[in-house]
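One structure is given below, encoded as structure tokens.
The values are calculated or read from the model by the stated rules, or taken from the named source; none is laboratory data. Worth saying up front: this structure is predicted, and the values here are computed from it rather than measured. All Cβ positions, even for glycine, are placed from backbone atoms using ideal geometry, and neighbour counts span all protein chains on display.
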Amino acid sequence: MISKKIIALGSAMAAAVPMALSSNVAIAAYPEKPIKLVIPYRAGGGSDSLARTIQAAIEKHKIMAVKLVVTNITGAGGAVGIRSVKDAKPDGYTFLQVHNGFLAFAATGRVNFGPSAFTPVAQTTQSCLYLAVAGSTPFKSFDDVVKAAKAAPGKLKASDSIGGVSHFPWVMLMNATGMKVGIVQAGGTSKRFAAMKGGHTQMAFMSPGWIKRGGDALRGVLWLGPTRHPAAPNMPTAIEKGFNINACLNRRFWAPKGTDAKRVAYFAGILGKVMATDELKAYHKKRLGFIRLLTGAKLKADIEAEYKTFQKVAPTVKASMKKK
């Protein structure tokens, strides 16, 4: 006959097994291996430059116990890299850094998914655009531009990236003012500058670094950020002119949908610590951009509001893309 003592001992051992297993699970720390950050653009661009600066600061200050591995997955203007993260395993080891050009892609149907296909992690950076006219033009103000564009609809040309993030504020401004401007395919800001300097176009939306870089070859007439930029205190904002238009490159980090909330919060916390370092402060100061850290409900609300503004003018942008 089996003694009651032996039965009691067996029961105690059986009870200890799940406790030990759960204890092992609890001990398993996150992260246990390198975290991959996908940049859907080429090496050397603005998104890549920010990612590499973040990576270096994490290593220098030992902000994270594992390495951050920056991976460039290019193709289709960014769509290939973005999709790769959307389809990645939601285990907290793959994240995406992409600016709101993604929202432009989604609004125009260049990808068949939108921001709801991801879990937003954080926004770290805001770099607003401004309207620059070539220094060789007679235009001294935004009012001069509007007057000339209305007098000869379509004659004034703006260099831009048709279908890109900066195309949308052109449509918004034309809708708000009634002026008509011809949009000429050029590409990024360096190519827009070359088109203006060569006399092929008269204006373009530029990133803030060009306030200094452009010198006398450019004249800023309208700032598309919420308030005037300290580097150009005499340049009025679109809001001051009566137009509720903001156009900023908002660099955000995303996780595959379904990623555990604690792992999302962990990486958002890492980004917050990195943005507080001297290296990241210096990085943004040099480029005349701003650190703007958003997470949680505020981040989601900003994304939703911004995406709606893209969707509103997307039909006009798509029509322009077909004419290319």
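One table, with the values for the structure above:
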{"item": "Of residues in region 198-219 being small (Gly, Ala, Ser) and more than 23 Å from the chain's Cα centre (by Cα), the one nearest to residue 291 (Cα to Cα)", "result": "214"}
{"item": "Subset of region 131-168 [touching a residue at least 40 places away in the same chain (Cβ under 8 Å) and on the phi > 0 side of the Ramachandran plot]", "result": "163"}
{"item": "Test result for residue 184, among the hydrophobic types (A, V, I, L, M, F, W, C), part of a helix (DSSP H, G or I) and surrounded by 14 or more Cβ atoms within 10 Å (Cβ to Cβ)", "result": "no"}
{"item": "The lone exception for residue 155 - which of (1) over 15 Å from residue 134 (Cβ atoms); (2) assigned to a loop (DSSP other than H, G, I, E, B); (3) over 25 Å from the mean Cα position of the chain (by Cα) it fails", "result": "(1)"}
{"item": "The listed residue being in contact (Cβ under 8 Å) with a residue 24 or more places away in the chain, closer than 18 Å to residue 270 by Cα, touching a strand residue (DSSP E or B) at 6+ places or on another chain (Cβ under 9 Å) and of a type in the set (Phe, Trp, Tyr), out of 93, 30, 41", "result": "93"}
{"item": "Any hit, region 104-114, residues being of a type outside the set (Gly, Ala, Ser), closer than 18 Å to residue 71 by Cα, touching a helix residue (DSSP H, G or I) at 6+ places or on another chain (Cβ under 8 Å) and not assigned by TED's automatic domain parsing to the domain that holds residue 192", "result": "no"}
{"item": "Per-region count, region 187-208, residues within 20 Å of residue 243 (Cα to Cα) and not in a loop (DSSP other than H, G, I, E, B)", "result": "4"}
{"item": "Exclusive hit being of a type outside the set (S, T, N, Q), crowded, with 22+ Cβ neighbours inside 10 Å and in contact with a strand residue (DSSP E or B) (Cβ under 9 Å, 6 or more places away or on another chain), set 46, 78", "result": "78"}
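Residue-wise test of (1) small (Gly, Ala, Ser); (2) touching a His at 6+ places or on another chain (Cβ under 7 Å).
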residue	(1), (2)
174	no, no
177	no, no
204	yes, no
213	no, no
223	no, yes
236	no, no
243	no, no
272	yes, no
278	no, no
